[in-house]
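Q: I'd like to ask you about the structure that follows.
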Amino acid sequence: MKKRVYTLYRVSTLGQVEKDDIPMQKEACRAFAKAQGWEIVKEFSEKGVSGFKKSAKERDQLQKIQQAAMAREFDVLLVFMFDRLGRRDDETPFVVEWFVKQGIEVWSTQEGQQRFETHVDKLMNYIRYWQASGESIKTSIRTRTRMEQLTEEGLYTGGVVAYGYRLVKRGRINKRNHEVYDVEIDEKEAEVVRLIFQKYVYEGYGAKRLCNYLCEHNIMGRNGQNIPNVSIVRMIKNKSYTGYLINGKVETACPELRIIEPELFERAQELRQARKREKGANPVSFSSQALLCGIVFCAHCGNRMSLTSSTRKRIRADGSVVREKRFRYSCNYNVRHPGQCDGQSGYGVTKLDDIVESVVRMKFAEIRECSRKKLLEEMHSKERERIKQEVRRLEKELEIKRQEQEVLKDETIRVIRGTSTLDREMLSELLAENKAAVAQAHEALQAAKAEQQSLEQASEKMRRDCDDLFTWANVYDSADFAERQAILHQFIQEVRVGRDYEVEIVLMVSLEEFEEFKAHSMVSSVGKKGQMDLKQAPKTVDCDSNAGIVIVDEISDDPLSILPKNTAHARIAYCER
Ligand SMILES: [Zn+2]
């Protein structure tokens, strides 16, 4: 009896259908069957199904063939190439193996019979399918690449256009002769995007508060409804606002599409990360009453203090009643566990805010004394120069060792030829030594390069931090409440307050960074004001609100300003980097 054959012809994409290679597969299979003396009883063909995207279960034809196999309706499954059977590397071998286990021979006109007899067979099959799968991925990549190419050329390739942009027709024609769209900035929407970033970065607004704010100001989305906070979060994350067309992994700079300056965008990302970290631990970080809400901690029990308010009735001399709302930073732990925290249960918001602000103003005055240009120029400059030299030296060393290696290799050849004066043993010793030296030099170079890179990154971070500090220092005095609040939250890591307003302020700035400031402050002030010295710097501050505070700086450890009524102590500390 002739073997009964089922065939399956398949083209994987519509693009391939246009070329229509099924007749070719058909011819090849028919010729192959004839040569083998088989009889084709049924032919199946699938068009426009990419084996890569559809799993076997979803493919009707393959299912029909499987059912027929179980019913023993045929003996051989013949395909043109095995990749016609399916291209999903995770399942194809199992599909083929399944047929083989049903007693069906699986053949390809190009690759012969598919066996699953030995481990090697299995392995070979996996490799073959893996390659086929690679092909499929390549096809998929090719179509995607065309889109990405267009993106690379700065052209719009479809999809919803982000808020802040709109589509226009500029007469660009595609291959199919259709006029296609381009993207441009929608000024009205772009204004809203800018507002969102401004509020987010400089005024400490979160997505929820921004959502309310926009709604209150009747700023609506495209559908005429309010802009939900998830959309705001998406906008904050959307890099295309800095002037990019983005499609998958391809980003193309399109400066004409810039709505947000890259620095502002970066800042927003840093804030977003920082807020994400604090989420949960710090639910209310901004309030319209307290500057420091969310960063005040009880110095006695270490817990974060929350904002509480109480209303007091006051009867004026004329008999009229005034209700006053007073805000306090309260230690909840102290209130809930009496006797367990030996601090005060709370501290007046106005008083604590004043103390902290006076210290901050003093610090900002110090910063303003410093020559920004010089600071930025000299930042880490010595270290950077040192590591640059080091890298250069190690590169040279490695080069020398490698040259030596070449010489030794040449010498080896001479030893082999018998024309060298060195003996084999000595040469191999030298070679081993050299090998070790090369490895060592290579390692040292890598280490130095890594150090160089991390130093560059640190410098970059510091440069941005300094930019921030200068900005804050310059605008603080004229800033409104919300802006001051935002600046304080970025400048101060935490405020620890204890009994009798013993305050410790931990700045977000590292001691190293501040030392740089101080160094440049002194350099720059010598020429101008004679012997201007940091310890006197606070005196240049208008310190009305400062009265009665003793400020001790971690750097000097000497009290910086002692005033007669010292009702509070403030100590400045720096964060550790
Ligand atoms: Zn406490």
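Q: Within the range 477-513, name every residue whose backbone N is under 20 Å away from a label modeled 7 Å from Cα of S288 along the Cβ vector.
A: Correct set: 479-489.
Q: Order these peptides, 497-505, 250-258, by their mean beta-carbon neighbour count within 10 angstrom, highest first.
A: Going by the mean number of other Cβ atoms within 10 Å, highest first, we get 497-505, 250-258.
Q: Using a basic spin-label model with each label point 7 Å from the Cα along Cα→Cβ, how many nm lie between E256 and M81?
A: In this crude label model, E256 to M81 measures out at 4.3 nm.
Q: For S310 and E263, calculate 0.36 nm times their separation in residues minus their Cα-Cα distance, and state this gained length in nm to one decimal.
A: Extending this stretch completely gives an extra 12.7 nm.
Q: How many nm is it between the label spots at E406 and R323, if each spot is 7 Å from the Cα in line with the beta carbon?
A: 9.0 nm
Q: On a full-extension model of 0.36 nm per residue, what is the gain between C215 and E111, subtracting their alpha-carbon distance, rounded to one decimal in nm?
A: Length difference between fully extended and current span is 30.8 nm.
Q: Packing-wise, with mean Cβ within 10 Å as the measure, how do 310-317, 223-230 rank, highest first?
A: Highest mean packing first, the order is 223-230, 310-317.
Q: How many nm is it between the label spots at H337 and K26, if each spot is 7 Å from the Cα in line with the beta carbon?
A: Label at H337, label at K26, 8.3 nm between them.
Q: Multiplying the sequence separation of Q102 and L167 by 0.36 nm and subtracting their Cα-Cα distance, what value in nm do you get?
A: 17.7 nm is the gain from fully extending Q102 to L167.
None of the figures in this text is laboratory data; all of them are computed from the coordinates on show. Because the structure is predicted, anything quoted here is derived from the model rather than measured. Using ideal geometry, Cβ is built from the backbone for each residue, glycine included, and neighbour counts are taken over all protein chains shown.
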